1. Between a residue in the range 27-38 that is farther than 20 Å from I57 by Cβ and any residue that is in a helix (DSSP H, G or I) and open to solvent by less than 60 Å² (accessible area, probe 1.4 Å), which pairs come within a Cβ distance under 7 Å, given they are 6 or more apart or on different chains?
2. Across the range 81-119, what is the number of residues that are in contact (Cβ under 8 Å) with a residue 12 or more places away in the chain and either open to solvent by 30 Å² or more (accessible area, probe 1.4 Å) or within 11 Å of the chain's Cα centre (by Cα) (or both)?
3. Any idea how many residues of the range 1-26 are farther than 13 Å from A71 by Cβ, touching a helix residue (DSSP H, G or I) at 6+ places or on another chain (Cβ under 7 Å) and open to solvent by less than 70 Å² (accessible area, probe 1.4 Å)?
4. Filter the range 31-61 down to the residues that are assigned to a helix (DSSP H, G or I) and open to solvent by 60 Å² or more (accessible area, probe 1.4 Å) and list them by number.
5. Condition check: out of contact with any Lys or Arg (no Cβ under 6 Å at 6 or more places or on another chain), at pLDDT below 95 and under 15 Å from I115 (Cα atoms). Does L99 satisfy that?
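The values are calculated or read from the model by the stated rules, or taken from the named source; none is laboratory data. These figures come from a predicted structure and were not determined experimentally. When we count neighbours, we look across all protein chains shown, and the Cβ atoms used for this are built from the backbone with ideal geometry, even at glycine. Heavy atoms of the whole protein, side chains included, go into the accessibility calculation; ligands, DNA and RNA do not. Shrake-Rupley method; radii C 1.70, N 1.55, O 1.52, S 1.80 Å.
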Amino acid sequence: MTIGRLAGLVGCGLGVMAINVAITVLYMVVYGHVIDPGHEKAYYDAHVRMAAPYCSIVAGLPLMFFVALWAGGFWGAKLAVPSALIIWGTYAIIDLVSLAAGPSLRMGVMVAVSILTKLAASYAGALVAGGRAG
């Protein structure tokens, strides 16, 4: 695996993180303007702290699956699983750093669920990509 390919896969992991954050922001915009408008900023701050981990898990599963599927299909069956693991590892490192910023038992459980579900999704995407290419 070349440095350029590795950098591209790390970029994919960062892209999944960025899209996941954007989806959480979009959820909060819809929540604040459509679902439950008219509250103070502190109310929405508290809600996003509760909702963001769930948004990450729900949106992260299909994102990680399709990014791993794309990367595996793009670079072939032989590199599908290693590519998926690099993408997932990049995401997992960022998730673990976020846990270090605000450690709590609830947050630790949510990060663990987030990391494990994304591992399963990326691995499944790599297997599907490997099956298509092979």
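1. Listed pairs, sorted by first residue: G32/Y44.
2. Final tally of qualifying residues: 23.
3. 4
4. Matches in the range 31-61: H33, V34, I35, K41, A42, Y43, R49, M50, Y54, V58, L61.
5. Against the criterion (out of contact with any Lys or Arg (no Cβ under 6 Å at 6 or more places or on another chain), at pLDDT below 95 and under 15 Å from I115 (Cα atoms)), L99 qualifies.
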